[in-house]
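Enquirer: Once you've had a glance at the structure underneath, I'll fire off some questions.
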Amino acid sequence: MTERQPSSLKLSEFNWINRFAQLGDTFSTPLSATALPSPRWMAFSRPLAQEMGLTDTWMEEPGVLEALSGNAVLKGSAPLASVYSGHQFGHWAGQLGDGRALYLGEIVSPVGPLEIQLKGAGPTPYSRRADGRAVLRSTVREFLCSEAMAGLGIPTTRALCMVSSPQPVYREELETAAVLTRVAPSFIRFGHFEHFAANQNKAALKTLAEFVLDLVEEQLKTHLNLSALSGLSFEEKCLAFLELTAINYAKLMSQWQGVGFCHGVMNTDNMSILGLTMDYGPFQFMDAFDPQHICNHSDHEGRYRYAQQPQIAYWNLFCLGQAFASLIEDTEKIVNALSLFKARLPLEVERVYQSKLGLLHRASPQTVGADTPLAEGILQVLAQERVDYSIFWRQLSTAVLNVPRLGRVAFQGVNDLFLDARGFESWLDSYLDRLKSESLEASAQCMLKSNPKFVLRNHLCETAIQAANAGDASEIERLMHVLSTPFDEHPGFESFADHPPHWAQSLSISCSS
Ligand code: AMP
Ligand code: MG
């Protein structure tokens with residue numbers, strides 16, 4: 001979703017194609033949202049609205065607030081909740097499903113077909129006695145993080161807008177309800193496949209696979225370097241899809257690791273089949289670098305800790321592979337397809353850190369891995385000293401920019417981030433040596449585009465949430481301003497790029513939302 005189109009559309013003018021809805025009631029249950037009292041606009045994503053081709057005043061169209069708060073149905077929309085299952089924290093959890101997400105349908109936008117969902121629109125047949133609502137706190141977090149990830153260039157589901165309501169919602173304490181409008185080419189999860197595999201419904205599994213193969217046809221053609229897929233058998237296409245997914249996740253994991261993003265709940269029901277980051281719950285952009293960091297207070301064993309995310313992605317891919325076992329006779333072929341993840345991950349991770357380090361003159365494909373010790377070296381030093389991850393990388397970028405003028409003195413500010421800078425200084429020797437084969441100006445420019453000045457730290461979210469709870473959305477808007485272009489300097493917004501305040505350490509984020 002990158003192409004810019006003239007913004008002239010209203011939400012009511014889209015052509016709704018609702019392809020997933022047409023799969024029928026094996027896959028979903030048609031239902032309407034539950035009415036939400038006194039809905040009020042809280043926030044919008046201008047960048048997403050522009051990509052979708054919406055006018056600047058799309059939200060003022062009569063009936064839109066009602067529709068996107070669940071109080072009315074847009075013409076052309078076919079609301080439904082879909083069924084899926086999944087593995088949660090390593091264990092089979094059985095049937096789950098859209099417990100509080102409501103698919104409104106699929107529109108044809110200037111950047112291709114997009115599904116629109118409401119999150120928090122009331123109970124569904126899959127709510128399992130929960131209320132089907134989302135609280136304002138978690139809605140602000142998902143809204144901001146979806147758009148922050150997009151700003152960072154990391155594949156993600158998007159957030160178009162959110163509405164708040166005085167309706168009380170009970171969690172650990174009394175909170176209020178909100179509804180998020182989410183957008184993605186598809187919200188299908190690994191868990192959708194696992195559901196039909198577990199129920200031994202091979203016909204449904206095949207239908208779902210065909211549906212998804214259709215969705216990713218262009219990516220499959222690129223992956224296989226073919227102009228058409230017509231010469232391939234169904235099984236060959238399924239295998240190509242598994243390969244593509246394995247590669248997508250190798251890329252996604254390297255990007256998460258690169259910006260210090262912890263997802264927090266990498267259950268298979270939260271894994272997008274398109275390799276999009278989705279279902280933002282107890283996520284965190286790390287402050288002090290700690291590879292063992294656990295951002296979800298409900299994750300007692302640290303299954304989803306930062307350093308383990310790639311390994312978990314691989315585990316999850318195997319759950320997806322297993323779900324395909326009845327469609328692909330030879331399980332060895334499935335294992336081989338998924339092993340592309342293992343082959344690609346080190347390559348992708350090295351590429352991410354090469355960009356973060358401004359190393360553009362890369363070794364030939366035969367000597368991939370040449371820059372890995374340098375990347376691992378600095379990560380070790382950062383971990384030992386618990387240095388702030390984002391601040392380190394941004395300061396390193398500006399230091400490299402200043403090297404032609406200041407020489408090694410340019411790194412004084414970076415050096416000051418360490419209590420004991422000996423490890424850094426010794427790493428710096430090898431880094432400066434490696435930089436000799438680079439143009440410093442080009443390296444610095446690459447680093448400034450790879451190391452964001454602004455990430456959505458927990459304490460920034462928290463401040464925006466507190467203001468939002470008091471009815472003030474201005475902090476959300478200010479954050480959106482910097483997070484949608486996080487590599488820009490944004491003079492006047494420096495405080496958003498600062499170290500976290502002391503109180504941030506006591507923030508406790510759990511699955512409760
Ligand atoms: P999550 O941890 O948000 O990925 O949710 C796991 C499952 O619980 C999914 O099936 C959700 O739809 C469901 N769920 C979570 N919270 C609620 C809620 N408040 N009401 C209904 N279902 C929920
Ligand atoms: Mg979920």
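Read the figures in this text as sums done on the coordinates, not as results from a lab. Everything numeric here is computed off the predicted structure, so don't read it as measured data. Because the Cβ atoms are built from the backbone with ideal geometry, glycine has one as well, and the counts that use them run over all protein chains shown.
Enquirer: Taking amide H positions as placed in the peptide plane 1.01 Å from N, state which residues far from ALA72 in sequence (5 or more) or on other chains have amide H under 5 Å from it.
Expert: ALA67
Enquirer: Could you tell me the center-to-center distance, by alpha carbons, between region 129-153 and region 184-215 in angstrom?
Expert: The two parts, judged by their Cα centres, are 25 Å apart.
Enquirer: Among the lysines, select those whose C-alpha is under 18 Å from the C-alpha of LYS453, and discard any that sit fewer than 8 residues away in the same chain.
Expert: LYS356
Enquirer: Still on this model: Which is the longest stretch in the chain that no exposed loop site breaks, taking sites as GluC sites (Glu not before Pro) with a DSSP loop state and at most 10 other Cβ atoms within 10 Å?
Expert: Value returned for the longest uninterrupted segment is 330-513.
Enquirer: To continue, here is another question. Please go through region 390-460 and write out the trypsin sites (Lys or Arg not before Pro) that DSSP classes as loop and that have at most 13 other C-beta atoms within 10 Å.
Expert: On the way: sites: ARG394, ARG405, ARG408, ARG422, ARG434, LYS436, LYS449, LYS453, ARG457; in loops: LYS436, LYS453, ARG457.
Sites meeting the loop and neighbour criteria: LYS436.
Enquirer: Which listed residue (ALA375, SER430, VAL212) has the Cα farthest towards the positive end of the charge dipole for the chain, taking +1 on Lys and Arg C-beta and -1 on Asp and Glu C-beta about the Cα centre?
Expert: About the Cα centre, the residue reaching furthest to the positive side is VAL212.
Enquirer: Shifting gears a bit: Per the Cauchy relation, a quarter of the hull surface: what is the mean projected area of the convex hull of the alpha carbons in the chain, in nm²?
Expert: With every direction weighted equally, the projected area is 24.0 nm².
Enquirer: Which of the aspartates and glutamates could a cross-linker bridge to LYS75, judged by Cα under 14 Å and excluding same-chain residues fewer than eight apart?
Expert: Partners within reach: GLU13, GLU61, GLU66, GLU106.
Enquirer: In region 11-191, with Lys and Arg counted as +1 and Asp and Glu as -1 at Cβ, which of these residues, TYR126, VAL108, GLN95, has the Cα nearest the positive end of the dipole, that is, farthest along it?
Expert: My answer, from the dipole projection, is GLN95.
Enquirer: If you don't mind, another one. Excluding LYS119 itself, what net charge comes from residues whose Cβ is under 10 Å from its Cβ, given Lys and Arg +1 and Asp and Glu -1?
Expert: Values: positive: ARG100, ARG133, ARG182; negative: ASP98, GLU142, ASP279.
It works out to a net charge of 0.
Enquirer: Same structure again: What per residue convex hull volume, in Å³, do the alpha-carbon atoms of region 189-347 yield?
Expert: 115
Enquirer: Then there is this: Beyond 17 Å, what share of the Cα-Cα pairs of region 217-271 remains, rounded to the nearest whole percent?
Expert: Of all Cα-Cα pairs in region 217-271, 49 percent lie more than 17 Å apart.
Enquirer: Given the convex hull over the Cα atoms of region 107-173, what projected area results after averaging over all orientations, in nm²? Mind showing how you got there, number by number?
Expert: Details: hull surface 24.7 nm².
For the Cα atoms of region 107-173, the hull's average projected area reads 6.2 nm².
Enquirer: Next up: What net charge is computed for the residues neighbouring LYS10, neighbours being all others with C-beta under 15 Å from the C-beta of LYS10, Lys and Arg scored +1, Asp and Glu -1?
Expert: Around LYS10, the surrounding residues sum to -4.
Enquirer: Place a point 7 Å from the Cα of GLU13 along the Cα-to-Cβ direction; which residues of region 51-94 have their backbone N under 12 Å from it?
Expert: 53-58
Enquirer: Another question, then. Using a simple charge model, +1 on the beta-carbon of Lys and Arg, -1 on the beta-carbon of Asp and Glu, nothing else, what dipole does region 200-351 show about its Cα centre, in debye to the nearest 20?
Expert: Charge dipole of region 200-351: 120 debye, to the nearest 20.
Enquirer: Considering the chain, which cysteines have no disulfide-compatible partner, defined as another cysteine with its Cβ under 4.7 Å away?
Expert: If one checks each Cβ against the other cysteines of the chain, CYS145, CYS161, CYS238, CYS319, CYS446, CYS461, CYS511 turn up with nothing under 4.7 Å.
Enquirer: Please go through region 55-126 and write out the trypsin sites (Lys or Arg not before Pro) that DSSP classes as loop and that have at most 12 other C-beta atoms within 10 Å.
Expert: Sites meeting the loop and neighbour criteria: LYS75.
Enquirer: In sequence order, what are the phi-derived ³J(HN,Hα) couplings for region 58-69 according to the Karplus relation 6.51 cos²θ - 1.76 cosθ + 1.60 with θ = phi - 60°, rounded to whole Hz, with x for glycine and proline?
Expert: These are the phi-based 3J(HN,Hα) values: 4, 6, 8, 4, x, x, 6, 4, 4, 5, 8, 10 Hz.
Enquirer: Taking θ as phi - 60°, what are the ³J(HN,Hα) couplings along region 16-22 by the Karplus curve (6.51, -1.76, 1.60), each to the nearest whole Hz, with x for Gly and Pro?
Expert: Values per residue, Gly and Pro as x: 8, 10, 6, 5, 5, 4, 6 Hz.
Enquirer: Report, by chain and number, residues whose modeled amide H sits under 5 Å from the one on GLY97, excluding near sequence neighbours (fewer than 5 apart, same chain).
Expert: Under 5 Å from the amide H of GLY97 lie the amide H atoms of TYR84, each far enough along the sequence or on another chain.
Enquirer: What are the ³J(HN,Hα) values, in whole Hz, obtained from phi via the Karplus relation 6.51 cos²θ - 1.76 cosθ + 1.60 with θ = phi - 60°, for each residue of region 156-166 in sequence order, with x given for Gly and Pro?
Expert: Each residue of region 156-166 in turn: 7, 5, 10, 10, 8, 6, 9, 10, 10, 8, x Hz.
Enquirer: Can you tell me, using C-alpha contacts under 8 Å and at least 6 residues apart, the relative contact order of region 245-340 as a whole percent?
Expert: Value for region 245-340: 31 percent.
Enquirer: What does the net charge come to around ARG305 if you take all other residues with beta carbon closer than 13 Å to its beta carbon, with K and R at +1 and D and E at -1?
Expert: Result for the local shell: -2.
Enquirer: Using a ≥ b ≥ c from the Cα gyration tensor of region 352-450 (square roots of the eigenvalues), is it rounded, prolate or oblate, where a/c under 1.5 gives rounded and otherwise the larger of a/b and b/c decides, a/b for prolate?
Expert: Oblate is the answer for region 352-450, as a/c is 1.5 or above yet b/c matches or exceeds a/b.
Enquirer: Provide the descending list of Cα extents for region 120-231 along its principal axes, expressed in whole angstroms.
Expert: 58, 38, 17
Enquirer: Shape verdict for region 29-98, please, from the Cα gyration tensor: rounded (a/c under 1.5), prolate (a/b greater than b/c) or oblate.
Expert: prolate
Enquirer: Can you compute the charge dipole magnitude of the chain about its Cα centre, using +1 on each Lys and Arg Cβ and -1 on each Asp and Glu Cβ, nothing else charged? Give it in debye, rounded to the nearest 20.
Expert: 220
Enquirer: Of ALA177, SER32, HIS502, which is farthest towards the positive pole of the chain's charge dipole, taken about the Cα centre with +1 and -1 on the beta-carbons of Lys, Arg and Asp, Glu respectively?
Expert: SER32
Enquirer: Using only the alpha-carbon atoms of region 285-436 as identical scatterers, what base-10 log of I(q)/I(0) does the Debye formula give at q = 0.19 Å⁻¹?
Expert: Ignoring solvent entirely, the Cα scatterers give -1.20.
Enquirer: Then there's this: Mean separation of Cα pairs under 8 Å and 6+ residues apart, divided by the residue count of the chain: what relative contact order is that in percent?
Expert: 15
Enquirer: Given an 8 Å cut-off on Cα distances and at least 6 residues of separation, report the relative contact order of region 305-410 as a percent. Kindly include the intermediate steps, with their values, before the conclusion.
Expert: Values: 34 pairs, mean separation 17.0, N = 106.
RCO, region 305-410: 16 percent.
Enquirer: Per 10 Å bin from zero, what fraction in whole % of the C-alpha pairs of region 11-191 is there, up to the bin with the longest pair?
Expert: Whole-percent P(r) values from 0 Å outward: 10, 38, 39, 12, 1.
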